[in-house]
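*Asks:* Structure incoming, see below.
The values are calculated or read from the model by the stated rules, or taken from the named source; none is laboratory data. Quick caveat: nothing in here was measured; it's all calculated off a predicted structure. Quick reminder, even Gly has a Cβ in these numbers, built from the backbone with ideal geometry, and neighbours come from all protein chains shown. Just so you know, the surface numbers come from the protein's heavy atoms only, side chains and all, with ligands and any DNA or RNA stripped out. Shrake-Rupley method; radii C 1.70, N 1.55, O 1.52, S 1.80 Å.
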Amino acid sequence: MKASLKTTPEISELGALLRHWRDLRGKSQFELSLEAGISQKQISFVESGRSVPNRQTLMSIARVLDVPLRDRNTLFLAAGYAPIYSDGAWDSREMKSVTHALQRLLRQHDPFPAVVMDRYWNVLMTNDSAPRFFNRFVDLDARQGPRNILHLMFDPAGMRPFVANWEETAKSLFERVYRESIGRVIDEKTKALLAALLAYPDVKTEWTQPIALGFMPVVPLSFIRGGSVLNYFSMVTTVGTPQTVAAQELRLESMFPADETTEALHLKLMKKAR
């Protein structure tokens, strides 16, 4: 498939973006050419601003480089094409089937907490159990600003005083931010979120460095309540074949008891929360 010779004032931007993603994925022009099924010469011409690939070629390159849908739209705009992927709101009409499925999953997870978040850990939807559970520790209505799980966990006025394994939990949450970022890319808003978390008292910069956290299958999230420790772990659900930006960036996080004692204590706690 040959690249077109169309030129636009934004070609240099396209070349820079392509180099950025190729470097980010650690691929040489030769490796990218083999996986995308195009010539190395074409890739070189695009990166140097000598040509612009056609839409299908650019799509192949973006797919091989695992470029998130939001950023694929940026690539298309830089090449002079209209964006392909809808960037509507998460609760728009086109997302109705997805949000209905999420609501069903949320309801089915009661009496254990489950939340739907965007890519920046802002809470968009919850089941009935999530606010009831967290309100047993803090007054959620008294908290200022948008509902954000990471801020809730790191804030000394939030859940942090009730976390039994605080340092281990903080390290694991930082690692999750990096690991679960869309396309494994830390964008500017994510960097701002990380900076805000690091600004909380006694949060150390070195905690953001990935390290081995032991040999357990999961890192438990342990809360102290009434002299007892409740151990949980979480599972994250995402849309398998997203074709809109919102669908790719939504994720459902469900908390599960890590042991039978926690399950019994949790059920007792939720009865009191009614």
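*Asks:* Please find, among A199, A247, the residue that is modelled with pLDDT of 95 or more, open to solvent by 60 Å² or more (accessible area, probe 1.4 Å) and under 28 Å from G145 (Cα atoms).
*Replies:* Sole residue among the options that is modelled with pLDDT of 95 or more, open to solvent by 60 Å² or more (accessible area, probe 1.4 Å) and under 28 Å from G145 (Cα atoms): A199.
*Asks:* How many residues does the stretch 220-244 contain that are open to solvent by 20 Å² or more (accessible area, probe 1.4 Å) and in contact (Cβ under 8 Å) with a residue 12 or more places away in the chain?
*Replies:* Qualifying residue count for the region: 17.
*Asks:* Then there's this: If a residue must be open to solvent by 20 Å² or more (accessible area, probe 1.4 Å), aliphatic (A, V, I, L, M) and in a helix (DSSP H, G or I), how many such residues does the stretch 250-274 contain?
*Replies:* Residues in the stretch 250-274 being open to solvent by 20 Å² or more (accessible area, probe 1.4 Å), aliphatic (A, V, I, L, M) and in a helix (DSSP H, G or I): 3 in total.
*Asks:* Only residues that are open to solvent by 30 Å² or more (accessible area, probe 1.4 Å) and at pLDDT below 90: list them for the stretch 146-167, please.
*Replies:* P146
*Asks:* Further question on the same structure: Can you give me the number of residues within the stretch 168-196 that are open to solvent by less than 30 Å² (accessible area, probe 1.4 Å), in contact with a Phe, Trp or Tyr (Cβ under 7 Å, 6 or more places away or on another chain) and farther than 15 Å from Q209 by Cα?
*Replies:* Adding up the residues that qualify gives 2.
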